[in-house]
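Working notes, structure below.
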Amino acid sequence: MDLVHAEKAAPNFLIALGLCCYTEYWGKLVKGIAVGHSEECFNEFFDRLGSCYKDLRQTKNVDVYHHIRCGLAHAYIIEGNDSIIDMKRGSCGIEYDPISISYRFHIPTYIEDFKKAVTTFIDGLDTGSEDLSLIEQALEHKPELI
C-alpha cells in the first residue's frame, strides 16, 4: 500500500487484484485445496473478512467473485458502472450501490479486515479450532522457497 505514495505509484487496481488473489489463496489454505475451486476458496475467505463482506456476497445481483476478482484478473477493471478503487476508508472494504450498479473498493479498509481474518485464522491454528492438516494438504507437492 505504501507504493501508492512512491514516486512511481502502483495503480490501485494492482493492489486490489493482489488482495483478491491473497483472499483466494488463504481460502485454499482454509479448505485444504491445492488446485482449482477458485471461486469456492475466494468466497470462503472473503466471508471471513467480516459480516459486511458476507452480507455483500449474499446480496441479490451481486457476484463479488466474478465482478471484482475476475474483473480485476481478466479485464483489469471492476465490472459495473463507474466502479471505483480508492485509498479511502469505508464501512466495508467493498461496498455496492444497487442504484448506480457500482462497487467501491476501499483498499485501506480491505487490508485491515484481511489482516484481522488472517490473524484470526492463525490464532485458530494455535488453539486447534482450525485444521493444520488442511494447510499441509493445500501445500502438498507445491514448490518450496528456501
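Across the range 126-142, coupling constants 3J(HN,Hα) worked out from phi with the 6.51/-1.76/1.60 Karplus curve, θ = phi - 60°, read 5, 8, x, 7, 10, 9, 4, 5, 5, 5, 4, 5, 5, 9, 4, 6, 8 Hz, and Gly and Pro carry x.
Among His106, His66, a tally of other beta-carbon atoms within 10 Å of each Cβ gives an order, fewest to most, of His66, His106.
Amide H contacts for Ile84 (H built 1.01 Å from N in the peptide plane; partners 5 or more residues away or on another chain; cut-off under 5 Å): Tyr103, Arg104, Phe105. 3J(HN,Hα) couplings calculated from phi for the range 35-40 with the Karplus curve 6.51 cos²θ - 1.76 cosθ + 1.60 (θ = phi - 60°) are, in sequence order, 9, x, 6, 4, 5, 4 Hz; Gly and Pro show x.
For the range 2-138, the fraction of C-alpha pairs farther apart than 19 angstrom is 50 percent. If you take the charge dipole of the range 2-138 about its Cα centre, with +1 on Lys and Arg Cβ and -1 on Asp and Glu Cβ, which of Ser129, Ala117, Ile94 is farthest toward its positive end? It is Ile94. Lysine pairs in the chain whose alpha-carbon atoms fall under 18 angstrom of each other, counting only those eight or more residues apart or on distinct chains, come to 9.
Bear in mind these aren't lab numbers, they're just calculated from the coordinates by the rules spelled out. Here the structure is a predicted model, which means the values were calculated and not measured. Positions of Cβ are generated from backbone atoms using ideal geometry, with glycine treated the same way; all protein chains shown enter the neighbour counts.
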